[in-house]
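The values are calculated or read from the model by the stated rules, or taken from the named source; none is laboratory data. Note that the coordinates shown come from a computational prediction; the quantities given were computed from them, not determined experimentally. Cβ placement follows ideal geometry from the backbone for every residue including glycine, while neighbour counts extend to all protein chains displayed. For the accessible areas, the whole protein counts, side chains as well, though only heavy atoms, and no ligand, DNA or RNA atoms are used. Shrake-Rupley method; radii C 1.70, N 1.55, O 1.52, S 1.80 Å.
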Amino acid sequence: MLEFRNVTASIGIIEILRDLNFRIEPAETLALIGRNGAGKTTLLRTVMGFTKVRGDILFDGKPLTSVAPPKRPGLGIGYSPEDRRLFSAFTVEENILLPADAARLGAAETKRRLDKVYDILPELKEMAGRPAGNVSGGQGKMVALARALMLGKRLVMLDEPFQGLAPALALRYADALRALRDSDRSITLIITESNPSLLRGFASRTLVIERGEVSEGSLDPERKSA
Amino acid sequence: MNLTIFLLALFDGISYAALVFIVALGLTLIFGVMRILNVAHGSLYAIGAYATVSLTGFFLALGFAPVFAFPLMLVSAVLVGVLLGGPIEWLLLRRIYDKPEVLQLLVTFAVFMILEDVQRLVWGTQPYFQASALQALGNVTIFGVTYTVYQLILLPLVAIALLIGLRFFLRHTVIGKLILATTEDREAAQSIGIDADRVFLFTFVVGAVLAGLGGALASPTTSILPGMGADMIVLSFAVVATAGLGQIGGAAIAALMIGLGRSFAVYVWPEVAVLVPYLIMVLVLLVRPEGLFGSPVARKI
Amino acid sequence: ADKPAALKIGMTTFLTGPASVFGVPARDAMDIFVANLNAEGGINGVPIEVTYIDEGAGAEALTSEFRRVAQTEGAEVMLASISSGNCQTLAPLAEDLKVPNLMWDCGTQRIFEEHSYDYVFRPQGNATSEMLAAVAYLLKTHPDFETIAVVNQDYAWGRDSWDIFHTALEAMKPGVKVVGEFFPKFGAPDFSTEISRLQALRPDVVLSTSWGGDLDTFVQQAFQRGLMNTSTFVLPLAESSLERLGSSLPAGHVVGARGDHYFLHPERRDDPDFKGFMEQYKEATGDIPVYSVFHASQAFAALKTAYEKAIADNGVDWPDEDQLLAALDGLEFQGLGRTLHLREDHQGVESQLMGTSAQTGEYPFATLENIMIFDGEGLLPPVGETSTDWIKGLDASFVDGLAVETYDN
Amino acid sequence: MTATNKAGTAKPPLLETRELMIKFGGVTAANNVSMQIEAGRNLAIIGPNGAGKTTFLNICTGWIKPRSGKVFLEGEDITPLPPRKIVRRGVARAFQIPQLFTEHTALENLLISAAAREGLRNPLQNLHNIRQRDEMMHLLDLVHCTDVADRVVVELSEGQRKLIDIAVALALKPRLLLMDEPTSGVASSQKHEVMEILVGALAEAGVTSVFVEHDMGIVARHADEVAVWNAGNVQLRGTPQEILEHPDVIRDVIGEEVA
Amino acid sequence: MSEISQHSTPRRAAKSGGMPSLRALLTLLAVLLLAAVPFIAPSMQLLINLALAKGIAVLGVTVLLRAGQVSFGHALFFGISAYAGAFLMASLPGADLILVLVAGVLGAALSGLLVGLFVVRYRGIFFGMLNLAFSMIFWSILEKFYHVTGGADGIRLPRPTVLGMVLERSGFEAVIFYLSIALMVLLGWLTLRWFVSPVGQIFQSLKTNETRLEYLGLSPKRVLLSGYLLSAVLCGVGGSLMAMTQGVVTPEYVWWVRSAEMVFIAVLGGAGSVRGAFIGALIYEIVRVYASAFAGDIWQMLLGGFLLVIILFAPKGIMGIADGLIHRGGKRRATTAEEAR
Ligand SMILES: Nc1ncnc2c1ncn2[C@@H]1O[C@H](COP(=O)(O)OP(=O)(O)OP(=O)(O)O)[C@@H](O)[C@H]1O
Ligand SMILES: Nc1ncnc2c1ncn2[C@@H]1O[C@H](COP(=O)(O)OP(=O)(O)OP(=O)(O)O)[C@@H](O)[C@H]1O
Ligand SMILES: [Mg+2]
Ligand SMILES: [Mg+2]
């Protein structure tokens, strides 16, 4: 469903990712791990179109590079950035709804999806009317996650979604995501995470990024050094 | 100060404020959304005025009735927005959004310089005057004070309509929301599927149309000559800063304060009339450092 | 001196900015004068070449350019400038550079009253003669007015001209009350407030020495608001706006021209040279000439006459600098208007034409009637005296002592 | 357990808050918080999201003013002081969202911090030549960031920034260091290693630390004491063992693995 | 536009392969070339002198740009200093050049302190506009109190004596010219040193994070004020030199367009670059004068077009282009920081 062919991604004049080759099948859940600064975030941003790319990225077999960045979420790609990036001029709920507005989903469909998001992240319901600029660090991550789920019918990319969440909450979200994946086999998840225990038994595959290059790996601590 | 004088000053202030507001509105919009202080706004204003005068002159010479001047104002404004505003955003500004703000400012400054000469090449150096729109509407007498309908009623009405319309548009329509989101974070907006390029182009064109409209509406009451844009731009800057960043309601109040301040100063203390915009700005910012309606942006820590 | 291949001159003028309403017509006219003269073979066979310097480009560019043209390009004579501020800068510069300079269009009377120059001449009148003519005309035509208000541009000219006008009025008609003094900023787009105030004040006379777009806007708005029916306007520079104001300048208001400058000059309009130029100018620009064109003609005439005189007086092919300066001293010359001469302080003596607006239907704009042309001699303080001191000493009899010709239109 | 100085008088706690209250709209972010933090210990603060942990740090450093209540630093009332004055009294802070000079390099961020600490004496000296340079390089080493010393901060990844943010706070040589989720965003492979070195260095320098943390592994290993926040107040306080086994804490904060 | 000025840092400089010596050499050559102007191109002397005076003022604007602040009113200090000199000459005819300079700089510093205390509370457009407001208020005062200030025509600033000597125009111009060059070198060097000093670096960090500054125990306002004063003084020096060169001061000295022009030149030269301020000023003046001389009434358009080309194709200004040339073939460090200069 998503395939990288000889992809080199750079920011400015600096190459961050070099010659990546891998593919992800539908319904896979991919864990992306690596040291700080390895390039995990960059890889996700590359899919969103925020880096300069050489090589081909195929989405459902079609080249993604020819799709303008703002059109990509419309393909069913949801993205939750590492640094939250909420719109503080809007409330929490408006933030979650904005992607639907941008995609002109229509009232009924929007409502359906919003309800689904609230099912997964019930804590957000209480905060729905609060200005997004004022929520705490962890709450902000939750909103960003919710926003990504609004459009992510095909591919959901979560950059450290559990970072800053209290463990109890993180565990619950991991469960909810697992349930989501199990309920809808057309969704592919890519998650970067620094806490492997949360993904264990949930990610179907693990990719390790090191110095801008990927290799297959595993979340089990013993086998990690692969 | 008797009632007549008071009313005169009031009317002067209101009609002037309405005009200033319309021009400042476009500037606020562009600044609010794109964070670009568009110096070329002054030229767009001037060209809107020139275009109106030329078009009106042309059509009146063909024998059209003077009321025809009103649709021509709209036509000129749209022409300015589409023919000038569009290319400025599309060809110039778009290329430097990732560059420091001061560069964006200077691009518009350079465009301003170029357009100043363009005006002179196209329309020459002699002032133009075309008041048929003003005359077409005649005068009203209120409490014994005679004033032109155009300045006392039409301009404020247009200003209020724009104020309400634009506020409604930004707050209650989907496009408005998308614009506001883009304002805050261009990249995040793109990542949720908002076409920031289109939003910016649209905003800039609308802003430019408003500048042109300001010029078109000003044309019946002022003479159109080289350099008219430069003065207007400084005044609009003062309105924008006094109002607070991108604050449309604030801009209306700031324009009103400046308009009334100026007209009453002429009666009370004519010497400071020129200083009014700056004094108001300094005083307002002294009390409210973020402008009338601005709110401090706290950094998330 | 040896005959040069061409007589190079430099002329500063506003090609950009608001004052280009004067600067550009003057340049266009200059081009015509030069072309005409060169077609006749130039001065003693030497053609003229003009380099224009834009006063609108700012003080640094102006001074640098002035020097470059005077020194590097070897201009023999400079014509500078329109703006009084620039005159104050360039006069001492020309003196230091030892290049003859004709101040062709600046009004400030201060130049020769506060300093004396060897190289600087003014082939035209100054603010004093221009304002005194306006006062005299007003007193002659409206002897009974009691109140006056002024609306002038807020910069040196607006302030200075009102100073002179006001001082003269106090000396010659002490009872007049000044009910309002307004100095809206230069280039103000809107005078509603000032006009409202004037409507409440109802002065008998409204004076404005504004020019260009400011004057146009002011008169148009005053006209629309009916102010011109209740007060008499005195507009010493309105000659330059007649065409543009069209029907907005109703009959009965006082119009001046900074000299005897009027495209229907009653003494000159039948002169073939005058008529010829008017046609040439109309053809080149589509407009009727305004006073800056006349000033340019005077500067050009002074230049040409001085060279010819110097050549004749000294019996040379081409004069050297001293010979030229000697010829300029006390020179008599004629541009498009009446003959002028330069006094010993290098100040020109220029007649002043004033008139009253009339809408005759002959042109789509106001023309003048009841024209008076004042002889310039009586309008200037004696050499060595400053205008302010001199005007303070005048009295009501001054007006009657002036030499003046009157024409119906 | 109150430390007693030679004269025998009771020494006030390093940091003390009394009945701090603050509300944001309908949310009570601090509800009568009274805390004492003794010198020389590492206190971890844990709690659900939105419990008011960051707000507590904000109030202690003067960034926001409580509606009521007071903050004391060694007995001195610092509530009305702006952050910079509190910082100059020896309190440094690392942030949940890193606060760095993004157009300066990592090293320069540290050097600026050192220069600020030392006061600015010689106006014509080069920043890179100040005496503390080696010390700063050492600090970078401490947080495993030597390799990015000369990289401009905008170019760094989130995890790298968090680490440098801590180093910048350390460069001030504080007596009290407040850290907001120091290891969030730091790769798990590095987390413990970094914390190990950091805590060691703090102990060596006698720095008291307070850190907000969601990783219970880190809390268990590096905290001397744990305070549990809930709904704007301290719910529990005790040793890591006590706290991490407490059923309420397990329910509200730690969670039980369902798998 | 990351203003970290690595190039002036010896340690890093060493990394980029001996480039600074080339840079220093080129700078020295340029200064020598300037000093030779009265001999090789006397007709350019005045123009270049005006450009140098302006360049020093632009340096003031450059300082603020490094903190990410754009002032639309710095001509205020330029003008205050010029008028201070003119008033001094009026009340003390035949005063010495040094005295005029000192009076001007004092005036600028004092007004910089007063205005600065007020404006350092603001950032971004508010900062820019307040500066504009103050300059316009001063401008209006100059125009209104025309009995004192000479109104729009300004007042003359007669030639001061030089160390007690009364000089003719040409002698005086030579003195002013070399004084300008000396001041350019001195002030340019000092500013460069200041930029890389701890104080200067802290000043520049205002641009990116005031919260952190506060948490380092520093007051962002105080930090900004220090740089503001420096910038006011630099503008003051420029204003004094300009006034003495021109021999007249007019309200145009403080008109907002002049402030805008300074920002314009700063960016043209390479925003934040010290050498760029001077190179920008020189090129700007030359382009403007020759455009107005040879393209008559479209010089503004040419200048605007020139600026557009620079911004779009060389956003790092003329210094960026120059650096590109110097570095060509030299070693490149692979960071955007390098790019960003
Ligand atoms: N704007 C940029 N310019 C230059 N280099 C950058 C930029 N952004 C990131 N990099 C570099 O790219 C590399 C990868 O960064 P990225 O943010 O993808 O790392 P990451 O794996 O997500 O790390 P972390 O776990 O810390 O978030 C890092 O070395 C970083 O320094
Ligand atoms: N400036 C503010 N305005 C309004 N509400 C705020 C503000 N700051 C914090 N809050 C609210 O106060 C509560 C406490 O926030 P705080 O940031 O202290 O939480 P936290 O315990 O640090 O959470 P996290 O672990 O998610 O970072 C939250 O509900 C938050 O939304
Ligand atoms: Mg990352
Ligand atoms: Mg927090």
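Taking the criterion of being modelled with pLDDT of 90 or more and either open to solvent by 30 Å² or more (accessible area, probe 1.4 Å) or away from chain D (no Cβ under 14 Å) (or both), the residues of the stretch A:30-45 that qualify are A:Leu30, A:Thr41, A:Arg45.
Scanning the stretch E:164-192 for residues that are within 14 Å of chain C (Cβ to nearest Cβ) and under 24 Å from E:Ser273 (Cβ atoms) turns up E:Phe177, E:Ser180. The residues of the stretch A:178-219 that are without any contact (Cβ under 8 Å) to a residue 60 or more places away in the chain and either touching a His at 6+ places or on another chain (Cβ under 9 Å) or more than 13 Å from chain D (Cβ to nearest Cβ) (or both), listed by number, are A:Asp182, A:Ser183, A:Asp184, A:Ser215, A:Glu216, A:Ser218.
Remark: B:Leu121 falls outside the filter, which requires a residue to be crowded, with 23+ Cβ neighbours inside 10 Å, of a type outside the set (Gly, Ala, Ser) and free of Cβ contacts under 8 Å to residues at least 12 places away in the same chain.
Yes or no, residue by residue, for (1) open to solvent by less than 10 Å² (accessible area, probe 1.4 Å); (2) over 24 Å from E:Thr208 (Cβ atoms); (3) outside the structural domain of D:Phe56 (by TED's automatic domain parsing):
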{"site": "D:Asp134", "(1), (2), (3)": "no, yes, yes"}
{"site": "D:Leu142", "(1), (2), (3)": "no, no, yes"}
{"site": "D:Val154", "(1), (2), (3)": "no, no, yes"}
{"site": "D:Lys162", "(1), (2), (3)": "yes, no, yes"}
{"site": "D:Ala167", "(1), (2), (3)": "yes, no, yes"}
{"site": "D:His192", "(1), (2), (3)": "no, yes, yes"}
{"site": "D:Val212", "(1), (2), (3)": "yes, yes, no"}
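Is it the case, given these coordinates, that A:Leu97 is open to solvent by less than 30 Å² (accessible area, probe 1.4 Å) and either on the phi > 0 side of the Ramachandran plot or away from ligand 4 (no atom under 16 Å from the Cβ) (or both)? Taking the combined requirement at face value, the residue does not satisfy it. Looking across the stretch B:272-290, the residues that are open to solvent by less than 40 Å² (accessible area, probe 1.4 Å) and more than 7 Å from chain E (Cβ to nearest Cβ) come down to B:Val272, B:Ala273, B:Val276, B:Pro277, B:Ile280, B:Val284. Meeting the requirement of 1 or more residues that are surrounded by fewer than 19 Cβ atoms within 10 Å (Cβ to Cβ), the strands (runs of 3 or more DSSP E) wholly within the stretch C:232-349 are C:332-334, C:339-342. Against the criterion of being within 11 Å of chain A (Cβ to nearest Cβ), within 16 Å of ligand 2 (Cβ to nearest atom) and more than 17 Å from the chain's Cα centre (by Cα), D:Glu158 qualifies.
Answer with yes or no whether E:Ala57 is crowded, with 24+ Cβ neighbours inside 10 Å, touching a Cys at 6+ places or on another chain (Cβ under 6 Å) and not charged (D, E, K, R). For E:Ala57, the condition - crowded, with 24+ Cβ neighbours inside 10 Å, touching a Cys at 6+ places or on another chain (Cβ under 6 Å) and not charged (D, E, K, R) - is met.
For the stretch D:6-62, the strands (runs of 3 or more DSSP E) that sit wholly inside it and include 2 or more residues that are in contact (Cβ under 8 Å) with a residue 40 or more places away in the chain, more than 16 Å from ligand 1 (Cβ to nearest atom) and among the polar types (S, T, N, Q) are D:27-37. Annotation: D:Arg121 fulfils all but one of (1) away from ligand 4 (no atom under 16 Å from the Cβ); (2) at pLDDT below 90; (3) open to solvent by less than 10 Å² (accessible area, probe 1.4 Å); the unmet one is (3).
Yes or no, residue by residue, for (1) free of Cβ contacts under 8 Å to residues at least 24 places away in the same chain; (2) farther than 28 Å from C:Gly17 by Cβ; (3) within 14 Å of chain C (Cβ to nearest Cβ); (4) of a type outside the set (A, V, I, L, M, F, W, C):
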site: B:Leu10; (1), (2), (3), (4): no, yes, yes, no
site: B:Gly13; (1), (2), (3), (4): no, yes, yes, yes
site: B:Ala18; (1), (2), (3), (4): no, yes, yes, no
site: B:Leu27; (1), (2), (3), (4): no, no, no, no
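May I ask you to verify whether D:Phe95 is of a type in the set (Phe, Trp, Tyr), open to solvent by 10 Å² or more (accessible area, probe 1.4 Å) and either closer than 24 Å to D:Arg18 by Cα or away from ligand 1 (no atom under 15 Å from the Cβ) (or both)? Criteria not met by D:Phe95. The residue that is farthest from D:Ser184 (Cα to Cα), among those in the stretch A:132-150 that are more than 9 Å from ligand 2 (Cβ to nearest atom) and in contact with a Lys or Arg (Cβ under 8 Å, 6 or more places away or on another chain), is A:Met150. Scanning the stretch A:46-93 for residues that are on the phi > 0 side of the Ramachandran plot and within 14 Å of chain D (Cβ to nearest Cβ) gives A:Arg84, A:Arg85. Listed here are the helices (runs of 4 or more DSSP H) enclosed by the stretch B:71-179 that have at least 2 residues being within 14 Å of chain E (Cβ to nearest Cβ): B:101-123. If you check E:Phe118, E:Phe78 for being among the aromatic types (Phe, Trp, Tyr), at pLDDT below 95 and outside any loop (DSSP other than H, G, I, E, B), only one passes: E:Phe118. Can D:Pro66 be described as within 14 Å of chain A (Cβ to nearest Cβ) and within 15 Å of ligand 2 (Cβ to nearest atom)? For D:Pro66, the condition - within 14 Å of chain A (Cβ to nearest Cβ) and within 15 Å of ligand 2 (Cβ to nearest atom) - is not met. Taking the criterion of being open to solvent by less than 10 Å² (accessible area, probe 1.4 Å), within 21 Å of B:Val268 (Cα to Cα) and more than 9 Å from chain B (Cβ to nearest Cβ), the residues of the stretch C:192-206 that qualify are C:Leu198, C:Pro203, C:Val206.
The residue that is nearest to the other protein chains (Cβ to nearest Cβ), counting only those in the stretch C:7-18 that are open to solvent by 20 Å² or more (accessible area, probe 1.4 Å) and touching a residue at least 40 places away in the same chain (Cβ under 8 Å), is C:Pro18.
Take the conditions (1) outside any helix (DSSP H, G or I); (2) out of contact with any Ser or Thr (no Cβ under 9 Å at 6 or more places or on another chain); (3) over 30 Å from D:Gly119 (Cβ atoms); E:Gly217 misses just one of them, which is (3).
Would you check if D:Arg84 is surrounded by fewer than 16 Cβ atoms within 10 Å (Cβ to Cβ), assigned by TED's automatic domain parsing to the domain that holds D:Glu245 and of a type outside the set (A, V, I, L, M)? No; evaluated as a whole, the condition is false for this residue. One residue alone among C:Val21, C:Val50, C:Val34, C:Val46 is crowded, with 17+ Cβ neighbours inside 10 Å, in contact (Cβ under 8 Å) with a residue 24 or more places away in the chain, of a type outside the set (Ser, Thr, Tyr) and out of contact with any helix residue (DSSP H, G or I) (no Cβ under 8 Å at 6 or more places or on another chain), and that residue is C:Val46. Reported count of residues in the stretch D:24-43, each being surrounded by 17 or more Cβ atoms within 10 Å (Cβ to Cβ) and more than 13 Å from ligand 2 (Cβ to nearest atom), is 5.
Is it the case, given these coordinates, that A:Ala31 is assigned to a loop (DSSP other than H, G, I, E, B) and either within 16 Å of ligand 2 (Cβ to nearest atom) or in contact with a helix residue (DSSP H, G or I) (Cβ under 9 Å, 6 or more places away or on another chain) (or both)? Write out each step before concluding.
On the way: assigned to a loop (DSSP other than H, G, I, E, B): no; either within 16 Å of ligand 2 (Cβ to nearest atom) or in contact with a helix residue (DSSP H, G or I) (Cβ under 9 Å, 6 or more places away or on another chain) (or both): yes.
Criteria not met by A:Ala31.
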